[in-house]
1. Take D23 and decide whether it is surrounded by 15 or more Cβ atoms within 10 Å (Cβ to Cβ), touching a Gly at 6+ places or on another chain (Cβ under 7 Å), touching a residue at least 12 places away in the same chain (Cβ under 8 Å) and under 20 Å from R611 (Cα atoms).
2. Looking at S544, is it in a helix (DSSP H, G or I) and out of contact with any Pro (no Cβ under 9 Å at 6 or more places or on another chain)?
3. Any idea which of D523, D486 is closer than 22 Å to Y630 by Cβ and surrounded by fewer than 24 Cβ atoms within 10 Å (Cβ to Cβ)?
4. Look at T629 and say whether it is open to solvent by 10 Å² or more (accessible area, probe 1.4 Å) and at pLDDT 95 or above.
5. If a residue must be more than 20 Å from S449 (Cα to Cα), within 24 Å of the chain's Cα centre (by Cα) and of a type in the set (F, W, Y), how many such residues does region 494-533 contain?
6. Is it the case, given these coordinates, that S71 is of a type in the set (S, T, N, Q) and under 13 Å from N96 (Cβ atoms)?
7. Against the condition modelled with pLDDT of 95 or more, in contact with a Gly (Cβ under 6 Å, 6 or more places away or on another chain) and either under 23 Å from I26 (Cα atoms) or open to solvent by 10 Å² or more (accessible area, probe 1.4 Å) (or both), how does Y183 come out, does it pass?
8. Say whether the condition of being within 18 Å of the chain's Cα centre (by Cα), within 17 Å of V479 (Cβ to Cβ) and either among the hydroxyl-bearing types (S, T, Y) or surrounded by fewer than 23 Cβ atoms within 10 Å (Cβ to Cβ) (or both) is met by at least one residue in region 448-455.
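The values are calculated or read from the model by the stated rules, or taken from the named source; none is laboratory data. Source: prediction; values computed, not measured. Backbone-built Cβ (ideal geometry, glycine too); neighbour counts: all protein chains shown. Each accessible area value is taken on the protein alone, full model and side chains, heavy atoms only, with ligands, DNA and RNA left out. Shrake-Rupley method; radii C 1.70, N 1.55, O 1.52, S 1.80 Å.
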Amino acid sequence: MRLSLFILLLASAPALAAHKFEDLAISPKGEAVAAVESEDGAGAHGTIVLRRVSDGRVLRVIDPCAACDYSDPVFAADGRLVFLGRDRAAGTVSLNLADAGGHLRVVATIKGLAEAPRFAPDGKRIAVLVTLNATKETGATQAGARQVGEIGESSDEKRIAVFDLAGIVAGDAVRPISPAGRYVYEYAWTPDGKGFVASTAPGDGDDNWWVATIDAIDASTGAVRPIAKPATQVRFPRISPDGKTIAYIGGLMSDYGSVGGDVWTVPFAGGPPINRTAGLKATITSLVWLKDGLRGTMLAGADAALVRIDDKGKVATFWSKPVGLAAGDAKAAFSLDGRIAASTVVDFEHAAALYAGPVAALAPITHDNDAMPAPVRARSVSWSNGGFQVQGWLLAPANADPAQRAPMIVNVHGGPASAHMPNYIDANGITADLARAGYYIFLPNPRGSYGQGEAFTAANKRDFGGGDLKDILAGIDAVEKIAPVDETRLGLMGGSYGGFMAMWTNTQTSRFKALVAGAGLSDWISYYGINGIDQWMIPFFGKSMYDDPKAYWDVSAIQFIKRAKTPTFIYVGERDIEVPPTQSIEYWHALREMGVPASLVIYPGEGHRLRDPAHAADMRKRTVAWFDTYVKGAR
């Protein structure tokens, strides 16, 4: 079939809706899994579905609130299940308890936001992170609250609340245990049930994760005892079954939701943290502590793996594939004895399926998405540059003619501490749009990314747009040796840090015919003073902009703007607090003054990511049109 005819048929055929599996949890003995299941699409209502691990058979469907969005199913040691139900219209979240006999009741109704329910060791209480009377959605990528009135004097607080499962608590009766003014990011019960180990920081939760500490919090009084102030960012704090040791993932993590680093431990009594996996040529991406030791997930080059970390830091791999993994509390869920595991698994060509079974032999137990089409064909690409081994992904249109040279778009990931990992390319995304339009798509993981070890992740400190851009350009060379990519028809795009890279690349090379910059940074000097998450830059630059302005100015695209010649489409959210729209305005204004073709769209009410389907569709349409105009016709 000719490629043009294939694209026409794809465009005219109705898109199949993928079945979604979210917030996966596994029962203590590993015989059942629970997940929030729904059909993909705007406004789709999910349900809590329990399935048998052995064959995926549906055991029970729970759906007590037609107006609610469900999340966070968690099993107790005796098999009871709690989950959250958010009623957006009412502005409340219900904490629901389902017992083994099928009885369901509401334990608490919370005004505001809630997440991460955790059963106490005795099973009689449950803790929840609550944000009472929230002014915005949780997280810096969400649209910020309106900046009016006196600024910076108050912020949302995420705190621990504890509920006795024998009673019912509602509304204003919800009383957090952890102190006011201290934002709790993650937490776990201590084995004796008397308190919590948590990562916390005072003040603005959007900004201060990068200076978070590990603390003990008393479950009765809320008293806080400092345990450690790590030199790294902290994710997945876990406490040993004997209550003596805390483990966590520590690393150079530039976004809260993007996790990667080494495994560190610190005594619960306090003391200096110790890196247990120093020198590991891979990235630990999630962590749990079971009775027989630490389990987790790892990214090693192209492969995601389920691993065990022993008390000396040795990492043993149980199961590994070039896939993306997801679960509720981590990227994989484990039975209490660690013998059974489950995860939601995807790759570029296959939509989500639940995988479960013995930890070394996970296999699909659902087949709802087996008929979903693959708009691309994916392959991992590796190359060497600057003393590093670098990896990325090349996506070709599903029916691309290998004898016909084609244009290619390079998509640079955000972060910079992150990675392109396998994710199903559904019909309603920019990658599928580009593939339908006949483009190859290259997803590089240059230095600064996860997957090659912490030294690789830290290799772009004080070198933004330097070695990582060289890695990307060398990756294009590698791709052109194995695929029919037309060197004269290249484009580059990216969002967040990838948006910075698009803006910066315009001043460093003329290799690309068009650029698309989403929520990009054009001027690190002005950015430092206007964004809502300035603390993230200190680990990368070493000092604040006020102490070392030259380091920030040296990597600012605006400094070199007169070199920019490449047409650029720019878009950003109106209420983006991570990268405020003024960065895009500054860059767009400069390109216009330089006579370079440029277009800027600011999407109303949006944050760092476009959540409104209409806005996302408009961005995709404009992106493809921009590349069609300046890349496809280039010779």
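1. Spelling it out, D23 is indeed surrounded by 15 or more Cβ atoms within 10 Å (Cβ to Cβ), touching a Gly at 6+ places or on another chain (Cβ under 7 Å), touching a residue at least 12 places away in the same chain (Cβ under 8 Å) and under 20 Å from R611 (Cα atoms).
2. Numbers: in a helix (DSSP H, G or I): no; out of contact with any Pro (no Cβ under 9 Å at 6 or more places or on another chain): yes.
In short, no.
3. Working: D523 fails: closer than 22 Å to Y630 by Cβ.
Every option except D486 fails the conditions.
4. Details: open to solvent by 10 Å² or more (accessible area, probe 1.4 Å): yes; at pLDDT 95 or above: yes.
Yes: the conditions hold for T629.
5. Selection size over region 494-533: 3.
6. On the way: of a type in the set (S, T, N, Q): yes; under 13 Å from N96 (Cβ atoms): yes.
Criteria met by S71.
7. Working: modelled with pLDDT of 95 or more: yes; in contact with a Gly (Cβ under 6 Å, 6 or more places away or on another chain): yes; either under 23 Å from I26 (Cα atoms) or open to solvent by 10 Å² or more (accessible area, probe 1.4 Å) (or both): yes.
Yes: the conditions hold for Y183.
8. Yes, the conditions are met somewhere in region 448-455.
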